[in-house]
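The values are calculated or read from the model by the stated rules, or taken from the named source; none is laboratory data. Just so you know, these numbers come straight off a predicted model, no measurement behind them. Every residue, glycine among them, receives a Cβ derived from its backbone with ideal geometry; neighbour counts consider all protein chains shown. Note: accessible area is taken over every heavy atom of the protein model, side chains too, but ligands, DNA and RNA are not part of it. Shrake-Rupley method; radii C 1.70, N 1.55, O 1.52, S 1.80 Å.
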Amino acid sequence: MSMPNLRVRLFGIACMAMAIALPFCVSTYYTQFFAKALIMGMLAMSLNLVVGHGGLVSLCHAAFFGLAGYVLALLSPRYDAASLLTTLPIAILCSGTAALLIGALVLRTRGVYFIMVTLAFGEMLFFFFHDTKFAGGSDGISINIRPEIAIAGRQLLDLDKPMTFYFVVLGFLVGVISLLTMVLRSSFGRALAASRDNERRARSLGFPIFRLRLTAFTLSGALAGVAGYLAAAQFGFVAPQMLGWHQSATILVMVLIGGLRSVTGPLVGALVLIGMEEVLKAHLDNWKLVEGLIIIGIVILLPNGVRQIWSMVFGASPQRAAEMKSAAAEARHA
């Protein structure tokens, strides 16, 4: 194993150790804060499957995120806890199916048309929940009791406890990272990257471009559903704003801050953005203005995202350097 790869692996192990120790060292507020940041990181990683690895800028991913939250809210009994083992698969199935249906239509377009059509579908779902009485309309709907895992009336997992919820989120996060790593290292992942880098050449070699992208889009939507389910369970409330384009744009910013070509880069981007907002809110009145300037600075100075700082300090393997150069060119082009 090369030295750069060894450093990355040791750093990953250290991060995991810190993530496990974190709830034992901080207050309940920060345990919940980091749980929220990890959920948003999970959502950003799901989006990056189609943006960074598929070359498709989608602006409707918040719709899959919010849809899963609504599924949990609608399936939750009013005075009892919903079963996590039942409601989570249904939420993922609904988000994945919505992504499949929308993807089958929008993937017939390219470039700016793809962006606009995904935005249109996202807004359609937003206004469906906002302008109808279904699921509470613009007021949203509450989840009185968080989902649980219980067998024969005995509760095995209580998500009302912040530390338990944090570790459940961390477990899902590790699962999503493992799944995405496996997918991107497979022949499917390499074919998806080939379609991103040179669609005409990939098509001439016989790659089924539409099927590859539709599979990635559907998987990405299903993973966004996992994040949406956990977010709804944490907040105990869902509203149409979860599906809005503002949310989709925020996720895209997380991806750009973290970097396009890695699995965990968007997770870093989510931690940076949410952490930065927390600090700026506490000290500044016009914090949004300062946040915007910082984001512009990051995008201009670090086209590969904040993960580029690691490579600048410790160096990168030749393969990683080539990937970063390609990603930087794509980010500037976008």
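Residues in segment 103-113 that are open to solvent by 70 Å² or more (accessible area, probe 1.4 Å), outside any loop (DSSP other than H, G, I, E, B) and either within 16 Å of residue 211 (Cα to Cα) or touching a residue at least 12 places away in the same chain (Cβ under 8 Å) (or both): 105 alone.
Among the residues of segment 114-154, the one identified as exposed (fewer than 14 other Cβ atoms within 10 Å of the Cβ), touching a residue at least 60 places away in the same chain (Cβ under 8 Å) and not in a helix (DSSP H, G or I) is 144.
I'd like to know if segment 213-231 contains one or more residues that are of a type in the set (Val, Ile, Thr) and touching a residue at least 60 places away in the same chain (Cβ under 8 Å). Yes, there is a match, as at least one residue in segment 213-231 is of a type in the set (Val, Ile, Thr) and touching a residue at least 60 places away in the same chain (Cβ under 8 Å).
Looking at the structure I just gave you, is residue 78 in contact (Cβ under 8 Å) with a residue 60 or more places away in the chain, open to solvent by 10 Å² or more (accessible area, probe 1.4 Å), outside any helix (DSSP H, G or I) and farther than 16 Å from residue 215 by Cα? Against the criterion (in contact (Cβ under 8 Å) with a residue 60 or more places away in the chain, open to solvent by 10 Å² or more (accessible area, probe 1.4 Å), outside any helix (DSSP H, G or I) and farther than 16 Å from residue 215 by Cα), residue 78 qualifies. Among the residues of segment 81-102, write down those that are within 17 Å of residue 148 (Cα to Cα) and open to solvent by 60 Å² or more (accessible area, probe 1.4 Å). Scanning segment 81-102 gives 85, 86, 89, 90.
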